[in-house]
Structure formats: structure tokens, C-alpha cells
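Undergrad: One structure, pasted below without further comment.
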Amino acid sequence: MPGSGILNIRTYCDNLLNNKPMSGITPLQVAQALKIYAQTTLQLVEGLPESSPIKELRLTIGDWRAMAHLGDYYAEKILGATDLALYEKTGQIEQQTSAIRHLEAALEHWKKYVAVASSQYRPQLLTRIGYVDLNQLTDKVAEDIAMAKN
């Protein structure tokens, strides 16, 4: 995103393959930060009660869990997309294999996110996006794996 200081995947791969310096935050650094935030959040909520008579507290804890799983999903998706971009540029099968592994991990994190989020929220109609049902989006997430295999 312009102005964010974060390199997009294409620029990162070009710089990496051409031995150019990285002039910003790399996709790998973004993914690592997301993983750390997600892990920290899950560790913090682990000690909190699963259920509470206070509805707001229960839902907030659920939101924290959901966002942690979503952070893990995006971390793996970024890593998978980066490996896939490198595979497309180099043809190295190891990059494709790594991309598939990351995208499969992303799907598992997505399923955890959906399990938590759908226990708290109903499918809804959003103005810009349209109807959003997280369970139905799981098939779209799985399509990333199929794309990486072909």
C-alpha cells in the first residue's frame, strides 16, 4: 500500500532475485509480526474463561480469539503468496511446495477463525461487499491451494 512502507510481494521478489536492497518492510516481516501478535493474543486469552455471565466480556474474548486466528490466516496466506510468486519467477518446485504448505496452513487457520466468528455473528448483508457468510467463503480460501498446485 503506498505510503505504508510495506513492500508488495512483487517488489519484494524482484528485489530478492536481483540482489537489490529492501527499501521497506518485507512481506516476510509482516507475516512474522502477524504470527507474533496472534500467538501472543491466543496465549493471553487462554487463561480467560471460555464462558462468562457477562455477555460483553464473553463476546470480546471471542473476538480476540477470532482475530488471532485471522492474523494467523493472513500470515500464512502472505507466506504462501510470496512463495508462489517466487515459484512463478524461478520455476523452483521447492517454492511451489512451500506455497502449498503455507496455503494449507492458512485454510486451517481460516476454519478456526470461522468456527469462533460464526459462533458470535450471523451472515450479513454489507453494503460494499454484499452478502457475507464466512462458512461459504471457506471454499474460496481452499481455491488458493488448487491455484498453487496448477
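The values are calculated or read from the model by the stated rules, or taken from the named source; none is laboratory data. Treat the numbers as computed from the prediction; the structure is a model and nothing was measured. Cβ: placed from backbone, ideal geometry, glycine included. Neighbour counts: every protein chain shown.
Undergrad: Being of a type in the set (A, V, I, L, M, F, W, C) and within 13 Å of L28 (Cβ to Cβ) is the filter; apply it to the range 60-80 and report the residue that is farthest from the chain's Cα centre (by Cα).
TA: In this case the residue turns out to be L79.
Undergrad: Here is a follow-up. Between residues in the range 100-116 that are modelled with pLDDT of 95 or more and part of a helix (DSSP H, G or I) and residues that are of a type in the set (F, W, Y) and crowded, with 18+ Cβ neighbours inside 10 Å, which pairs lie under 6 Å by C-beta distance while being six or more apart or on different chains?
TA: Once the first residue is modelled with pLDDT of 95 or more and part of a helix (DSSP H, G or I) and sits in the range 100-116, its partners that are of a type in the set (F, W, Y) and crowded, with 18+ Cβ neighbours inside 10 Å give A106/Y73; H109/Y73; W110/Y73; Y113/Y73.
Undergrad: Let me ask you something else. Restrict the check to the range 49-57 and report whether at least one residue is within 27 Å of L16 (Cα to Cα) and in a helix (DSSP H, G or I).
TA: No, the range 49-57 contains no residue that is within 27 Å of L16 (Cα to Cα) and in a helix (DSSP H, G or I).
Undergrad: Still on this structure: Is it the case that the range 111-120 has a residue that's of a type outside the set (A, V, I, L, M, F, W, C), surrounded by 16 or more Cβ atoms within 10 Å (Cβ to Cβ) and farther than 18 Å from L34 by Cα?
TA: Taking every residue of the range 111-120 in turn, none turns out to be of a type outside the set (A, V, I, L, M, F, W, C), surrounded by 16 or more Cβ atoms within 10 Å (Cβ to Cβ) and farther than 18 Å from L34 by Cα.
Undergrad: Then there's this: Could you list all residues from the range 13-48 that are part of a loop (DSSP other than H, G, I, E, B), among the hydroxyl-bearing types (S, T, Y) and closer than 27 Å to L103 by Cβ?
TA: Hit for the range 13-48 is T26, nothing else.
Undergrad: Now for a separate question. Looking at the range 12-52 only, could you name the residues that are β-branched (V, I, T) and in contact (Cβ under 8 Å) with a residue 12 or more places away in the chain?
TA: Selection gives I25, T26, V30, T41, V45.
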